[in-house]
4 protein chains.
Amino acid sequence: MVLERKQQLSLCDYPIIENVGENDVRIHIKSCGICGSDIHYYLYGKIGDFVVNEPMILGHEASGVIVEMGKNVKGFKVGDRVCMEPGVPSLRSKETLSGRYNIDPTVRFWATPPIHGCLRENVVHPAMFCFKLPEDMSFEEGAMIEPLSIGMEAAKQASIEPGDVAFVNGAGTIGIMTALSALAGGCACVIIADIKQAKLDIAGKYKNIIPVNAKKQDIRETIADLTGGWGADRLFECSGFDGCYPDFFTMSANGATAVLVGIPQEPVPIDVSYLQKKGITLKTVFRYVNEYPKSLAQVASGKIDVKPLISKVFPFDKAVAAYEFAAAGHNDVVKVVIDL
Amino acid sequence: MVLERKQQLSLCDYPIIENVGENDVRIHIKSCGICGSDIHYYLYGKIGDFVVNEPMILGHEASGVIVEMGKNVKGFKVGDRVCMEPGVPSLRSKETLSGRYNIDPTVRFWATPPIHGCLRENVVHPAMFCFKLPEDMSFEEGAMIEPLSIGMEAAKQASIEPGDVAFVNGAGTIGIMTALSALAGGCACVIIADIKQAKLDIAGKYKNIIPVNAKKQDIRETIADLTGGWGADRLFECSGFDGCYPDFFTMSANGATAVLVGIPQEPVPIDVSYLQKKGITLKTVFRYVNEYPKSLAQVASGKIDVKPLISKVFPFDKAVAAYEFAAAGHNDVVKVVIDL
Amino acid sequence: MVLERKQQLSLCDYPIIENVGENDVRIHIKSCGICGSDIHYYLYGKIGDFVVNEPMILGHEASGVIVEMGKNVKGFKVGDRVCMEPGVPSLRSKETLSGRYNIDPTVRFWATPPIHGCLRENVVHPAMFCFKLPEDMSFEEGAMIEPLSIGMEAAKQASIEPGDVAFVNGAGTIGIMTALSALAGGCACVIIADIKQAKLDIAGKYKNIIPVNAKKQDIRETIADLTGGWGADRLFECSGFDGCYPDFFTMSANGATAVLVGIPQEPVPIDVSYLQKKGITLKTVFRYVNEYPKSLAQVASGKIDVKPLISKVFPFDKAVAAYEFAAAGHNDVVKVVIDL
Amino acid sequence: MVLERKQQLSLCDYPIIENVGENDVRIHIKSCGICGSDIHYYLYGKIGDFVVNEPMILGHEASGVIVEMGKNVKGFKVGDRVCMEPGVPSLRSKETLSGRYNIDPTVRFWATPPIHGCLRENVVHPAMFCFKLPEDMSFEEGAMIEPLSIGMEAAKQASIEPGDVAFVNGAGTIGIMTALSALAGGCACVIIADIKQAKLDIAGKYKNIIPVNAKKQDIRETIADLTGGWGADRLFECSGFDGCYPDFFTMSANGATAVLVGIPQEPVPIDVSYLQKKGITLKTVFRYVNEYPKSLAQVASGKIDVKPLISKVFPFDKAVAAYEFAAAGHNDVVKVVIDL
């Protein structure tokens, strides 16, 4: 599944010869989700500084089966069902040694030019970034671990105190993943806001996730009602929409922590004196670090159910149609997955 | 309900004249749980340095209705259903100002000699330590907020990362409260160990709480199986039994945090070099601080259900019988509550 | 010393009758510094929403001698030399109970309308917010504890790891106080930037504070040289100048913490995606919480020397001249103090 | 310098062929300190489970000059003066990825059987664990970075709040290194206790380190005097002596953090209920993680001066004599260094 150039996808034979290094495994891909970034590359040929100058295979949310193992690999066997972290950092960088490999600037990440993605028959990957799927977890669920891990990273960064009330701005895939992660991660309830009712309807089917349509309801009032006027203890900005910033922090309790997950295109206006007066701390999320095992544990236990978010599954031979469907941006679609 | 002296309880008229100060409310008590410490005072007349030298009213796990308000009290009205934190610290101590009023050495705590408890018709208390019950929460559940808050404090101290696996040692009231708090507070699952099967049966009815009978099963092996050999990320010692210490930390993952909740009578042997090699951090719990609103939120949302832990309810006129029943220590009894 | 109205100061008899409550002391003021906020009220008659509608006594950076004590006060005696935290929060607010009394919205703070300041002969204050001066500390130094505590709060918020390199933007009083606090608080060295050479000269006299004139030198390059290209581990924005924001975060190491101390008048543009990519956390400072004893300890030990920052001392009868001198904004003046 | 067997050292030609891997450098050793663990292996032939079954080269506190570089090595050149972290963890372990490579159980550490140490002419080491010495730092100081890093790790683990008062138990090398690290790391002053006056005399020469002879003075009283009765905010146990445990925590303030650095041979008795009542947190230290650059920064800036702790320097051909001298345990000797 190759992005030849902007708006030109093709499902073709594309020769990639990858040797299995001594710490690697080869995985036969079984499921691969379509991410907003995949769509962005498809439609615009670039994201920020990352430009698709040569044909590039898309896809980074994937699961599969191990078909070959490097000689040093332990803890796996051929036939193991796994999902994979798509980013491979330098193991020698200062960031990685400090436990923050996600911000290692030399990280190689699937489907980020010029690195090929994994929407293909098989792929070689370091075993240390592969994680076994529990027996009763499907490959589609396995592919969902990637976007879930962003929500899990956000929940971890928030340092939730058990019983906190959270506010999530934006009910797209990442917003819902964050809401689920915050809820399973200790919050008593999560208020989620969007302007698209169809997305809120999906989020609102989960117990203790309270959808608010920002066009029709006053978010601040809803939060005030739910918290006796105190405000949200933990806030997550997941829309990436710069226009939300002037209001966003006013949902917060004094002493709150706000986690910025959505990626605005431009600098956003932030009222520093307001943050100071309220004693707000800002944390940021960039992908995830050490979250795959935690995400798997939350799904395995049933604390997080990602199945309602798999809106549609396409077979591999309809992959181009899958991208077109995903690119259409239906409001009631969360995640489109391609099965191989 | 007065403890006249060791092993001598009586339900009698006992004149206490309490004025409602300007920041206080008077509460008509509706439900009051029996705590292990109440039983201890009843049976032995003392706990450590705290000795019952004069008749003392028992009880500190209570809920009720506001019947009178001081002139400065805001946010409440007569008729409000509330539960109450039983400890009142100095508001001027260094500990309180630092956000740790639980370790203020001058705290006055119900039913800790010479302070009377609240198992009586009504009691005067600072409004700031009273918390409204949600509409659909019963008074019995309200009385359970006190022991739950100890578990909630333990979960907070553990700084759980969402998706962690927890191990709780001891399935008494506090052990189960801690397991529920850790689970609702972010853990994917909780392994709880005890030697009394009846207690484990109660704990095991909750989803994702995995009971282990330490007499029949190998706890370490169970944890290893569940975690791929990694161990528990967060550990809670809730038995207070010094004999458990040599094994307790061996359940832990490298880099784990262990929270000591149970109160051993004597110094316990701790293998410091083992803790060092595994990079374990030890946190301690003493009562709770700022946990009542969080506990209420977890129960209100349904994330924590304390109802199965209310084993038996007695009317006030059977209060002595209630104490005798609780003191008998039935293995299948978690909490005994007295209704007024 | 009364601010009658904007730009109208007078040293006059102003009758204030204050009773000493049971937890209060009466302090005879000996030294009082002039703060930027005092100057701002003097020149403009308001700061943000705080407007001087009635005559108001200025001053909040003060030290003095206890002359009278309330009946419950312990730990002090008449004649004790003290400095005082100028803000008195509600002791019953949720913020205060959580250890963050600085963001209690009902705090009463000296010289913030309509609360009178302390540039007067004596003042009544809660004993819990008074702190004894060590024997060899002057009253002028005692008055400096207030601005120092803002720097100390910033250093605490930064969670400095011993050996970190810090960058401080702005070499005004608060910038220098922050640099000193960060250095004494664990940093190996502090780079401080400003465009006023006279201020940098004062800062640069301290060992391990490295001044950089932003007009003449490339700050980023200087930091890169000092850190082998890594960047500053901890950043402190102390200028309050919104124009600095586009560059400010580029001084940072990956994974850094930035503390926002200066108060911009308007929302500032922040490049969220840049913060995300670098894994930067933002903390905010609003006054200080529990910092007076720590500030006193750092000065008493000699780890922080505030004496070089006391630029000029005026007697009380020249207080109006002192304000005019301070308002002139001489670049080589850090702090002006009035002695009573 | 080979430990042939218990109590049998010899300076001999010992053939080790080490190839320089692509990420490695070869270092010509210039200085190597003698550690307590070296002495222990020398005298007893083992430490815990680590037994010297075959001849082993001693030494792990070293500095030197790069003489050869692997092809992937960047940021160094032949001739660079460096010091080296002696432990090399797996870069693929869960502990390392979490930023805690010190507790990776597969770490290979110099002079820990069966891994040879570095008291030899040259050694091959991963470049990522080599750190350049500042120009004006001697090789002997460079060798001191290893023991200093243990103190620095302890100071980091303590999460010192700037202005805290620390108590260090034990004035051996590690005790003094910890005291210096805590002081430079933010503490206002450090009280250090021992029963050997000569060691206290060395520690006491540093400003703001207050020595207390536990045989002659009451430590608790000294701390109480210095803190107005409050106690030490941060405690460091550096003696490893189990007999100190009953008293150790009584030096603490409420809410303190205690860091366990010394390694007791046997489990120690800890009064958990006392820790709970005081709200004490226990942290542990095992070697160090990411501390070399921080240690170098503190020494380079002059905030920590290790030179007074280099008690005696021997040339390489007197290495056996150096070990005998160090093993004699003179009270006024802190560190013995061998120059090559």
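The values are calculated or read from the model by the stated rules, or taken from the named source; none is laboratory data. Every value quoted in this text rests on a predicted model; they were computed, and no experiment measured them. With ideal geometry, Cβ positions are generated from the backbone for all residues, glycine too; neighbour counts draw on all protein chains shown. Only protein heavy atoms, including side chains, enter the accessible area calculation; ligands, DNA and RNA are left aside. Shrake-Rupley method; radii C 1.70, N 1.55, O 1.52, S 1.80 Å.
Overview of values
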| read-out | value |
| --- | --- |
| Those residues of region A:30-56 which are within 19 Å of the chain's Cα centre (by Cα) and of a type in the set (A, V, I, L, M), in sequence order | A:Ile34, A:Ile39, A:Ile47 |
| Condition check for A:Glu135: surrounded by fewer than 23 Cβ atoms within 10 Å (Cβ to Cβ) and without any contact (Cβ under 8 Å) to a residue 60 or more places away in the chain | yes |
| Residue check, C:Val73 aliphatic (A, V, I, L, M), closer than 28 Å to B:Val107 by Cα and part of a loop (DSSP other than H, G, I, E, B) | yes |
| Wholly enclosed strands (runs of 3 or more DSSP E) of region D:230-295 bearing at least 3 residues over 22 Å from D:Ile160 (Cα atoms) | D:268-270 |
| Count of residues meeting criterion [over 26 Å from the mean Cα position of the chain (by Cα) and open to solvent by less than 40 Å² (accessible area, probe 1.4 Å)] in region B:67-87 | 2 |
| Check on B:Glu221, outside any loop (DSSP other than H, G, I, E, B), among the acidic types (Asp, Glu), on the phi < 0 side of the Ramachandran plot and open to solvent by 50 Å² or more (accessible area, probe 1.4 Å) | yes |
| Complete set of residues in region C:159-179 that are more than 8 Å from every other protein chain (Cβ to nearest Cβ), open to solvent by 10 Å² or more (accessible area, probe 1.4 Å) and among the aliphatic types (A, V, I, L, M) | C:Ile174 |
| Residues being more than 16 Å from A:Asp305 (Cα to Cα) and either part of a helix (DSSP H, G or I) or among the β-branched types (Val, Ile, Thr) (or both) - total across region A:202-218 | 2 |
| Selection from region B:296-305 of residues that are open to solvent by less than 30 Å² (accessible area, probe 1.4 Å) and in contact (Cβ under 8 Å) with a residue 12 or more places away in the chain | B:Leu296, B:Gln298, B:Val299, B:Ile304 |
| Single residue of C:Lys283, C:Lys278 found to be farther than 24 Å from D:Gly186 by Cα and open to solvent by 10 Å² or more (accessible area, probe 1.4 Å) | C:Lys278 |
| Residues satisfying the stated conditions in region B:62-105, i.e. of a type outside the set (D, E, K, R), in contact (Cβ under 8 Å) with a residue 12 or more places away in the chain and out of contact with any helix residue (DSSP H, G or I) (no Cβ under 9 Å at 6 or more places or on another chain) | B:Val67, B:Val78, B:Gly79 |
| Residue in region C:296-312 that is over 25 Å from C:Gly185 (Cβ atoms) and not assigned by TED's automatic domain parsing to the domain that holds C:Ile176 present | yes |
| Breaking point among (1) touching a helix residue (DSSP H, G or I) at 6+ places or on another chain (Cβ under 6 Å); (2) of a type outside the set (Lys, Arg); (3) in a loop (DSSP other than H, G, I, E, B), for C:Asn53 | (1) |
| Selection count where residues are within 14 Å of chain B (Cβ to nearest Cβ) and either part of a strand (DSSP E or B) or without any contact (Cβ under 8 Å) to a residue 60 or more places away in the chain (or both), scope region C:1-47 | 3 |
| Residues of region C:117-129 satisfying the condition of being crowded, with 23+ Cβ neighbours inside 10 Å and either under 20 Å from the mean Cα position of the chain (by Cα) or outside the structural domain of C:Leu11 (by TED's automatic domain parsing) (or both) | C:Gly117, C:Cys118, C:Leu119, C:His125 |
| Any hit, region B:167-184, residues being part of a strand (DSSP E or B), within 22 Å of C:Ser98 (Cα to Cα) and not β-branched (Val, Ile, Thr) | no |
| Any hit, region C:254-268, residues being open to solvent by less than 10 Å² (accessible area, probe 1.4 Å) and farther than 17 Å from A:Ile270 by Cα | yes |
| Answer residue from region A:306-328, given it is in contact (Cβ under 8 Å) with a residue 40 or more places away in the chain and open to solvent by 50 Å² or more (accessible area, probe 1.4 Å) and is nearest to B:Ala253 (Cα to Cα) among those | A:Lys307 |
| Test: B:Pro89 is of a type outside the set (A, V, I, L, M, F, W, C) and within 11 Å of another protein chain (Cβ to nearest Cβ) | yes |
| Subset tally (residues that are out of contact with any Lys or Arg (no Cβ under 7 Å at 6 or more places or on another chain) and within 24 Å of D:Val336 (Cβ to Cβ)) for region D:130-141 | 7 |
| Counted residues, region D:188-209 - those being within 14 Å of chain C (Cβ to nearest Cβ) and crowded, with 21+ Cβ neighbours inside 10 Å | 5 |
| Identity of the residue in region A:225-244, within 26 Å of the chain's Cα centre (by Cα) and within 21 Å of C:Val285 (Cβ to Cβ), that ends up surrounded by the fewest Cβ atoms within 10 Å (Cβ to Cβ) | A:Asp233 |
| Sole residue being more than 14 Å from chain C (Cβ to nearest Cβ), within 19 Å of the chain's Cα centre (by Cα), closer than 28 Å to B:Leu309 by Cβ and in a loop (DSSP other than H, G, I, E, B), chosen from B:Gly64, B:Gly59 | B:Gly59 |
| Options A:Lys335, A:Lys278; residue that is at pLDDT 95 or above, assigned by TED's automatic domain parsing to the domain that holds A:His40 and touching a Ser or Thr at 6+ places or on another chain (Cβ under 8 Å) | A:Lys335 |
| Boolean, C:Leu119 is within 14 Å of chain B (Cβ to nearest Cβ) and assigned to a loop (DSSP other than H, G, I, E, B) | no |
| Any hit, region B:88-106, residues being in a loop (DSSP other than H, G, I, E, B), open to solvent by 40 Å² or more (accessible area, probe 1.4 Å), in the same structural domain as B:Arg26 (by TED's automatic domain parsing) and of a type in the set (Asp, Glu) | no |
| Condition broken by A:Trp110, with the remaining ones in (1) in contact with a Cys (Cβ under 6 Å, 6 or more places away or on another chain); (2) open to solvent by less than 10 Å² (accessible area, probe 1.4 Å) satisfied | (2) |
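Let's see how each residue does on (1) touching a residue at least 60 places away in the same chain (Cβ under 8 Å); (2) at the interface with another protein chain (Cβ under 7 Å from one of its Cβ atoms); (3) not small (Gly, Ala, Ser):
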{"residue": "D:Phe236", "(1), (2), (3)": "yes, no, yes"}
{"residue": "D:Pro267", "(1), (2), (3)": "no, yes, yes"}
{"residue": "D:Lys278", "(1), (2), (3)": "no, yes, yes"}
{"residue": "D:Leu282", "(1), (2), (3)": "no, yes, yes"}
{"residue": "D:Phe286", "(1), (2), (3)": "yes, yes, yes"}
{"residue": "D:Asn290", "(1), (2), (3)": "yes, yes, yes"}
{"residue": "D:Lys294", "(1), (2), (3)": "yes, yes, yes"}
